[in-house]
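In what follows, a structure is listed as structure tokens, so that the remarks can point back to it.
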Amino acid sequence: MSPFITLEGGDGAGKTTQTGLLVERLRMVGIDVIQVREPGGTALGEALRPLIKGEVDASPLAELLLLETARAQLVEEVIAPALQAGKTIVSDRFYDSTVAYQGFGRGLDLQIIQDLNRIASAGISPDATILLDLEPSAALSRIGNGADQRSDPAGQQRFESQPLEFHERLIEGYHSLAAEDPSRWFVIDASSSVDRVGEKIWAVVSSVLRL
Ligand code: TMP
């Protein structure tokens, strides 16, 4: 199967911008790449996205199940067929977000999350995961001053409006995931300029893909 690369991080870390830049650069060197995002990437996932991001109230368990529903559809409809057809996938978030946000952030049972992640992803796991690492206070002030490229209109901010401690817990979650599996995770300091972070991501991806 062809490579599957994911970008992870807290809100405001710059994932959306960097995912776009990475995909552009991969295409420039002739790689056949498909860009997806979670939640989203299919008609069902894009319909669920505004609900998940905060349009209506949802309990933590209901939120988890909506995320896994969107993921199951994305894997079956887009990711699995693309990988089988030899295309590279770059995803703005994947199942590690659920461990970080719903597990470490919301406090849901990690074993249940891992079981649901495995079911929804049909056993597919990323080959390389880039963590855009940024202090939550810096990331949230980026969102506040509009420096972060938001992928959705204002008002869908269930996660971004959570207290700082929520964001601190989920970053801690990401750090422990990265420490558990250092051969898959690449932690990149996201506090520098867009270009500098982009170069660091490119160094990782070009070495993983042996370009
Ligand atoms: P984003 O695409 O702008 O990062 O927004 C997606 C939001 O959904 C973000 O706040 C993180 C959240 N999210 C979860 O809480 N769990 C998940 O599994 C995923 C994929 C996203």
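The values are calculated or read from the model by the stated rules, or taken from the named source; none is laboratory data. From a predicted model like this one, the values you see are computed outputs, not experimental measurements. Using ideal geometry, Cβ is built from the backbone for each residue, glycine included, and neighbour counts are taken over all protein chains shown.
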Restricting segment 24-42 to residues that are without any contact (Cβ under 8 Å) to a residue 40 or more places away in the chain and assigned to a helix (DSSP H, G or I), the one nearest to the ligand (Cβ to nearest atom) turns out to be GLU24
Just checking, does segment 152-174 include any residue being surrounded by 14 or more Cβ atoms within 10 Å (Cβ to Cβ), touching a Ser or Thr at 6+ places or on another chain (Cβ under 6 Å) and in contact (Cβ under 8 Å) with a residue 40 or more places away in the chain?
no
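Residues are listed down the side, and each one gets a yes or a no for (1) of a type in the set (D, E, K, R); (2) more than 10 Å from the ligand (Cβ to nearest atom); (3) over 19 Å from VAL204 (Cβ atoms):
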{"position": "SER2", "(1), (2), (3)": "no, yes, no"}
{"position": "ILE5", "(1), (2), (3)": "no, yes, no"}
{"position": "GLN18", "(1), (2), (3)": "no, yes, no"}
{"position": "LEU44", "(1), (2), (3)": "no, yes, yes"}
{"position": "ARG49", "(1), (2), (3)": "yes, no, yes"}
{"position": "THR69", "(1), (2), (3)": "no, yes, yes"}
{"position": "ARG93", "(1), (2), (3)": "yes, no, no"}
Looking at this structure, is GLU63 more than 15 Å from the ligand (Cβ to nearest atom), closer than 21 Å to ASP115 by Cα, of a type outside the set (Gly, Ala, Ser) and modelled with pLDDT of 95 or more? no
### Query
Can you find even one residue in segment 8-23 that is free of Cβ contacts under 8 Å to residues at least 12 places away in the same chain and either under 13 Å from the mean Cα position of the chain (by Cα) or in a helix (DSSP H, G or I) (or both)?
no
Within segment 107-151, residues being at pLDDT below 95 and touching a Lys or Arg at 6+ places or on another chain (Cβ under 6 Å) number 1
- Has segment 152-171 got any residue that is farther than 17 Å from PHE94 by Cβ, part of a strand (DSSP E or B) and modelled with pLDDT of 95 or more? no
Quick check on GLN102: is it at pLDDT 95 or above, farther than 30 Å from ILE31 by Cβ and within 11 Å of the ligand (Cβ to nearest atom)? yes
Only unsatisfied item for ALA138, checking (1) more than 14 Å from the ligand (Cβ to nearest atom); (2) under 23 Å from VAL204 (Cα atoms), is (2)
Of the listed residues (ILE113, ILE52, ILE124, ILE89), the one being within 16 Å of the chain's Cα centre (by Cα) and part of a loop (DSSP other than H, G, I, E, B) is ILE124
If you go through segment 58-67 one residue at a time, do you hit one that is hydrophobic (A, V, I, L, M, F, W, C), more than 25 Å from ALA147 (Cβ to Cβ) and not in a helix (DSSP H, G or I)?
yes
Flagged in segment 94-110 as in a loop (DSSP other than H, G, I, E, B) and crowded, with 24+ Cβ neighbours inside 10 Å, in numbering order, are PHE94
Scanning segment 51-65 residue by residue, those buried (at least 17 other Cβ atoms within 10 Å of the Cβ) and touching a residue at least 24 places away in the same chain (Cβ under 8 Å) turn out to be ILE52, LYS53, GLY54, GLU63, LEU64
Counting only residues in segment 7-31 that are at pLDDT 95 or above and of a type in the set (Asp, Glu), the one surrounded by the most Cβ atoms within 10 Å (Cβ to Cβ) is identified as GLU8
